[in-house]
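Trainee: What follows is a structure written as structure tokens; I'll ask about it next.
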Amino acid sequence: MPSVAVLVGGLTAAGCLLLAGFDVEVYEQAPELGEIGAGVQQSANATHVMRHLGVLDALRDVAYLPPVTEFRLFDSGEVLQVLSLAENHEARHGAPYLQMHRADFHRILAERVMALKADAIHLGATAVGFEESASHVALLLSDGRRIEGDVLIGADGIKSAVRRQIAGPATPDYTGDAAWRLTVPVDRFAADFMEGKSSIWVGPD
């Protein structure tokens, strides 16, 4: 009975394990299902998995398939590089390249997990650690519950309690680089600028 948290990686793991015949319980600290964030890009290595999971058609319905991605200078708009995507990507790799909003991606994954097992996802459950023995592993929750299973998958994010117990606290080092992600309504852009393009803007060194 693996236990996973409700993030994109955790939901994908849960769905694939359910398809493989495992009994899965999912524990998530949020009080309700939902997701915020910006865009998600999926190349063929990911969309092959989405096809196996049975959600690729649903993702296509909410995704954009950019014919190209352009890399541009942030201040002048000068095009630095153009990568061919869409039909070329799918023809070469056997699966599409998709861009979508993270909330849509999360919703479709959660719906698939619940279709495979209606009561798989347990909300309001914050992981604080785990215990393991020769025969099982137990997920420890902040409310005192102890959930036993055969395997524990810690997909509980950047502040993972599971990872911290295994590898110690994360100590990231700031590199001096930064990136900004945002979503902008397409009607804010000129039609000739946006048509058939996905742009990445590159800042100064």
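Trainee: Excluding ligands, DNA and RNA, what is the solvent-accessible area per residue of the chain at a probe of 1.4 Å, expressed in Å²? Write down the numbers at each step before the final one.
Mentor: Working: 12370 Å² over 205 residues.
Per residue, the chain has an accessible area of 60 Å².
Trainee: Separate question: Can you sort ASP119, ASP61 by 1.4 Å-probe accessible area, starting with the largest? Can you show the working numbers first?
Mentor: Details: ASP119 95, ASP61 130 Å².
Sorted descending by solvent-accessible area, the residues read ASP61, ASP119.
Trainee: Now for a different question. Give the residue from ILE153, ALA125, ALA167 lying farthest towards the positive end of the charge dipole for region 106-184; charges sit on Cβ (+1 for Lys and Arg, -1 for Asp and Glu) and the dipole is referred to the Cα centre.
Mentor: It is ALA125.
Trainee: Determine which residues of region 18-62 fall in the zone a paramagnetic label at ARG163 would reach in this model, i.e. backbone nitrogen under 15 Å from the point 7 Å along Cα→Cβ.
Mentor: In region 18-62, the label zone of ARG163 (backbone N under 15 Å from the point 7 Å along Cα→Cβ) covers no residue.
Trainee: Of the heavy-atom accessible surface of region 36-89 (probe 1.4 angstrom), what whole percent is carbon and sulfur? Spell out each step's value before the answer.
Mentor: Working: 1670 of 3020 Å².
On region 36-89, the fraction of accessible area on carbon and sulfur atoms equals 55 percent.
Trainee: Roughly how big is the chain's charge dipole about its Cα centre, with Cβ charges of +1 (Lys, Arg) and -1 (Asp, Glu), in debye to the nearest 20? Kindly include the intermediate steps, with their values, before the conclusion.
Mentor: Values: 16 positive and 27 negative charges, 28 e Å.
Approximately 140 debye in magnitude.
Trainee: Taking amide H positions as placed in the peptide plane 1.01 Å from N, state which residues far from GLY129 in sequence (5 or more) or on other chains have amide H under 5 Å from it.
Mentor: For GLY129, the qualifying residues are LEU140.
Trainee: Expressed as cubic angstrom per residue, what is the convex hull volume of the alpha carbon set of the chain? Mind showing how you got there, number by number?
Mentor: Values: hull volume 32.2 nm³, N = 205.
Dividing the Cα hull volume of the chain by its residue count gives 157 Å³.
Trainee: Under a Cβ-Cβ cut-off of 12 Å, what is the net charge of the residues other than ASP156 that fall near it, where Lys and Arg count +1 and Asp and Glu count -1? Could you put the intermediate results ahead of the total?
Mentor: Values: positive: LYS159, ARG163, ARG164; negative: GLU28.
Once positives and negatives cancel, what remains is +2.
Trainee: Next question. Report the charge-dipole magnitude of region 26-147 in Debye, nearest 20, computed about the Cα centre from +1 at each Lys and Arg Cβ and -1 at each Asp and Glu Cβ. Provide the component values of the computation, followed by the final result.
Mentor: Details: 10 positive and 16 negative charges, 55 e Å.
The calculated dipole for region 26-147 is roughly 260 debye.
Trainee: Any chance you could look up the accessible area of PHE22 with a 1.4 Å probe, heavy atoms only, rounded to 10 Å²?
Mentor: 110
Trainee: Using 1/(1 + (r/R0)^6) with R0 = 25 angstrom and r between the beta carbons of ALA91 and VAL62, what's the FRET efficiency to the nearest 0.05? Provide the component values of the computation, followed by the final result.
Mentor: On the way: r = 23 Å, r/R0 = 0.90.
Using R0 = 25 Å, I get an efficiency of 0.65.
Trainee: On a 1.4 Å probe surface of the protein chains, which of ARG146, ARG92 comes out largest in accessible area, and what is the full order? Intermediate values should be presented prior to the final figure.
Mentor: On the way: ARG146 110, ARG92 195 Å².
Of ARG146, ARG92, the descending order of accessible area is ARG92, ARG146.
Trainee: Here's a follow-up. So how much accessible area does LEU18 have, in Å² to the nearest 10, using a 1.4 Å probe?
Mentor: Its heavy atoms expose roughly 30 Å² to the probe.
Trainee: Taking every pair of distinct Cα atoms and averaging 1/r, then inverting, what Kirkwood hydrodynamic radius in Å comes out for region 92-161? Please list the in-between numbers first.
Mentor: Details: mean 1/r = 0.0670 Å⁻¹.
Computed over Cα pairs of region 92-161, the Kirkwood hydrodynamic radius comes out at 14.9 Å.
Trainee: Using a Förster distance of 35 Å, how high is the FRET efficiency between GLU32 and THR175, based on the Cβ-Cβ distance and rounded to 0.05? Could the numbers behind the result be given before it?
Mentor: Numbers: r = 35 Å, r/R0 = 1.01.
Approximately 0.50, to the nearest 0.05.
The values are calculated or read from the model by the stated rules, or taken from the named source; none is laboratory data. Not measured: the values here are computed from a predicted model. Here the Cβ is made from the backbone with ideal geometry for all residues, glycine too, and neighbour counts use every protein chain on show. For the accessible areas, the whole protein counts, side chains as well, though only heavy atoms, and no ligand, DNA or RNA atoms are used. Shrake-Rupley method; radii C 1.70, N 1.55, O 1.52, S 1.80 Å.
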